[in-house]
Structures are given as structure tokens and as C-alpha cells.
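Worksheet for the structure shown next.
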Amino acid sequence: MQKINPSEITPEHLYFSRRKFIVGAGALAAGTLVSFSCRRIEPAPPTGEDFCASAKATGSTDELGANLTSCRDITNYNNFYEFSLGKEDVAPLSANFRTSPWTLKVGGLVNKPRTYDMNDILSRFNQDERIYRLRCVEAWSMVIPWVGFRLADLLKEAEPLPAAKFVRFETLLDPDQMPGQKDRSFDWPYVEGLRLDEAMHNLTLLATGLYGKPLPPQDGAPIRLVVPWKYGFKNIKSIVKIDLVEEMPASFWMDYAPHEYGFYANVNPDVPHPRWSQSSERRIGELARIRTLPFNGYGEEVASLYAGMDLRKFY
Ligand SMILES: Nc1nc2c(c(=O)[nH]1)N[C@H]1C(S)=C(S)[C@@H](COP(=O)(O)O)O[C@H]1N2
Ligand SMILES: [Mo]
């Protein structure tokens, strides 16, 4: 018998406060709310196998009762075209990716541009665990216990100027380390963007870890974006640059296939991809297909950002 996934049957109004789930990753060890940031971060181990040996999460389900995806699946089934188009090839090909030293440059239309060393980021911003669904445009999904902090905290420090309307993110460009960047059919580096209010939303994270540990390379080490109500491709990995800008930035996928990948990319079961339906998804590690929820289940929190917009047009 197949178990029915609770996320299939739990109506959206049964949400309870997401805030209750936002607990310090330090609570793993101590049972109290302790910041992750004062602990020493050990370097990411080279393989998914070692990584998962000490994987920990505070909960075993997300707010809708969906089970966490296994650490093995999260770290061995990846989309990261800089390394490979094969989802199972990313982990081995990225094993020696150098993520230290690492700098993240924040600039553009801000009062206080700043280049952070990754260690500054870890010590400045409290790292919390947040269990979020990731829904890929290819109609598979995972439930991931991220460790990270609000992008808003970093942006506030930069003090965006009134002219700033969008945020543009860029991945490292380094074909020597990232063999996929030798493929000239794509326009590297990978770029993504958010509207400023989306970027400032409480749910929008910069993730630096998962399962209680620093991110492994295949999941976007050392720092990647997580916007849980949007398709997976918005969640840009291994970020080196964040710019506040006036115009909507053209992203990697918009550039590659504009009629298939829009700027907004909000998860929407009613708007099919030109080549397949988006009404259901396969949760990695589970058998039953499940129904896809509007905004990936986060509608209560984010639908108001798009009030009055035609979401078929702004896909
Ligand atoms: N730089 C970069 N970021 C990326 C991608 C990529 O190819 N390059 N793939 C995206 C896609 S399509 C998905 S579904 C998610 C997958 O994240 P995960 O492998 O950590 O599950 O990363 C996104 N971020
Ligand atoms: Mo994706």
C-alpha cells in the first residue's frame, strides 16, 4: 500500500504559523534557541556520503506535514549546469570545488556597497534552520532543511537607494573549476533576479547550509538563494555578486528560452510549461505523484505581492 502524502490532503487554510518553525539550528544540539553563527564552520567534506553521515535537522516534516527529503537525495540529485546537465553527475564533478576563500560583492544602487568575506557573513548574520519545499520546473520536488538568513538583512545593510527596483544575482564564473561553463550554448555566468519586494520578503533566504551543516558544493556552496514559492531555477547557487538595479534583469533561463522561463517563475499549477503540465509533481524519494499547490504552498504569505497582476502573462 502506498502511503498518502499529507501534503496532498491538507487544505491550505490548515497552515499554522510558519514562525514557529523558524528555530535556531543551534537548537539541534542544545534544545534551545542558539545562534549557529558563533560556532566554527568546518569545511564541507568532499562527498555527499560523508556529508550525510552527520546530517541533522530540527524537524522531520515541513509546515504542511511533508516529510524531509533524504540527505542523500538532496546531495546527489542536483541541477547545477556549471558542472553537468546530468543530475547525478553534479556531486562527483563538484567535489573539489574551492569555496574558501570566497567573497560576495554587494553593490549597484546602494548607499553602502561592500565586499564580504564569507566568514564575515557567517559571523554577522544569524543562521537559522528553515524547512522549505523546492519545486523544480521539471515537476520534481524536495523538502529541504536549509540553514541560512534573510536576504533582507544583507540588503538593509547595503541601504538600497530609492531608484533600486530589482536585485540581480550572479554565480561564480570559473570554467577551470566548472567544466559546464565551457559549453558555449549557454551565456555564462548564471544570473537571476528578484523584484525588490520579493527579495525583502521574510521567506527569502540566503542559504549557507543544509541538514545542519555548511552547504556542499553541489547544492550551491558556499552561499545560494532560496525563494520557496518560485520554481527551482530562481534559486541561484554559489553567488559572488548581488547588485541593486533599476531595470528588470534578464536571467540565464530567460535568455536561453524566454517563452519557457519567465522572470517571475512563481509556482503555478494552472499555467503549464509549453512542453508539460505543472499541475502535479514527483516528490523525490516518494512514490505517489502529488498535486502542486499555487505558490508552492506559500500563497498565504506571498500572493499579495502579485495582487492585480495577470500571472499567466507574468509567468
Ligand atoms: N548557478 C546555478 N544555480 C542553479 C542552477 C544552475 O544550473 N546553476 N540550477 C537551478 C535549478 S534548475 C534548480 S531546480 C535548483 C536545484 O537546487 P539543488 O540541486 O540544491 O536541489 O538550483 C538552481 N540554481
Ligand atoms: Mo530546476
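Values for this structure:
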| item | result |
| --- | --- |
| Any hit, the range 110-130, residues being part of a loop (DSSP other than H, G, I, E, B) and crowded, with 22+ Cβ neighbours inside 10 Å | yes |
| Subset of the range 172-188 (residues that are closer than 11 Å to TYR81 by Cα and not basic (Lys, Arg)) | MET178, PRO179, GLY180, GLN181, ASP183, PHE186, TRP188 |
| Sole exception among (1) open to solvent by 10 Å² or more (accessible area, probe 1.4 Å); (2) more than 8 Å from ligand 1 (Cβ to nearest atom); (3) not polar (S, T, N, Q) for GLY232, by number | (2) |
| Residue within the range 80-100 that is under 17 Å from ILE239 (Cα atoms) and free of Cβ contacts under 8 Å to residues at least 24 places away in the same chain present | no |
| Test: residue in the range 58-76 that is among the charged types (D, E, K, R), closer than 23 Å to PRO175 by Cβ and modelled with pLDDT of 95 or more | no |
| Test set (1) under 16 Å from PRO214 (Cβ atoms); (2) within 16 Å of ligand 2 (Cβ to nearest atom); (3) in a loop (DSSP other than H, G, I, E, B) - ILE144 fails condition number | (3) |
| Members of the range 62-100 found to be within 14 Å of ligand 1 (Cβ to nearest atom), hydrophobic (A, V, I, L, M, F, W, C), open to solvent by less than 50 Å² (accessible area, probe 1.4 Å) and in a loop (DSSP other than H, G, I, E, B), listed by number | LEU68, PHE83, PHE97 |
| Residue ID - nearest to ligand 1 (Cβ to nearest atom), chosen from residues in the range 136-152 that are farther than 24 Å from TRP253 by Cα and either of a type in the set (A, V, I, L, M) or more than 15 Å from the chain's Cα centre (by Cα) (or both) | VAL147 |
| Criterion (at pLDDT 95 or above, away from ligand 1 (no atom under 14 Å from the Cβ), open to solvent by less than 30 Å² (accessible area, probe 1.4 Å) and in contact with a Pro (Cβ under 7 Å, 6 or more places away or on another chain)) met by exactly one of LEU215, LEU203, LEU155 | LEU203 |
| Strands (runs of 3 or more DSSP E) wholly inside the range 153-260 that include at least 2 residues being within 16 Å of ligand 2 (Cβ to nearest atom) and under 21 Å from SER123 (Cβ atoms) | 224-226 |
| Filtered residue count, the range 272-289, keeping only those that are closer than 15 Å to GLU138 by Cβ and either among the hydrophobic types (A, V, I, L, M, F, W, C) or surrounded by fewer than 17 Cβ atoms within 10 Å (Cβ to Cβ) (or both) | 11 |
| Selection count where residues are under 17 Å from the mean Cα position of the chain (by Cα), open to solvent by 20 Å² or more (accessible area, probe 1.4 Å) and among the aromatic types (Phe, Trp, Tyr), scope the range 235-260 | 1 |
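The values are calculated or read from the model by the stated rules, or taken from the named source; none is laboratory data. These figures come from a predicted structure and were not determined experimentally. Cβ: placed from backbone, ideal geometry, glycine included. Neighbour counts: every protein chain shown. Accessible surface is based on the protein model in full, side chains and every heavy atom, while ligands, DNA and RNA are left aside. Shrake-Rupley method; radii C 1.70, N 1.55, O 1.52, S 1.80 Å.
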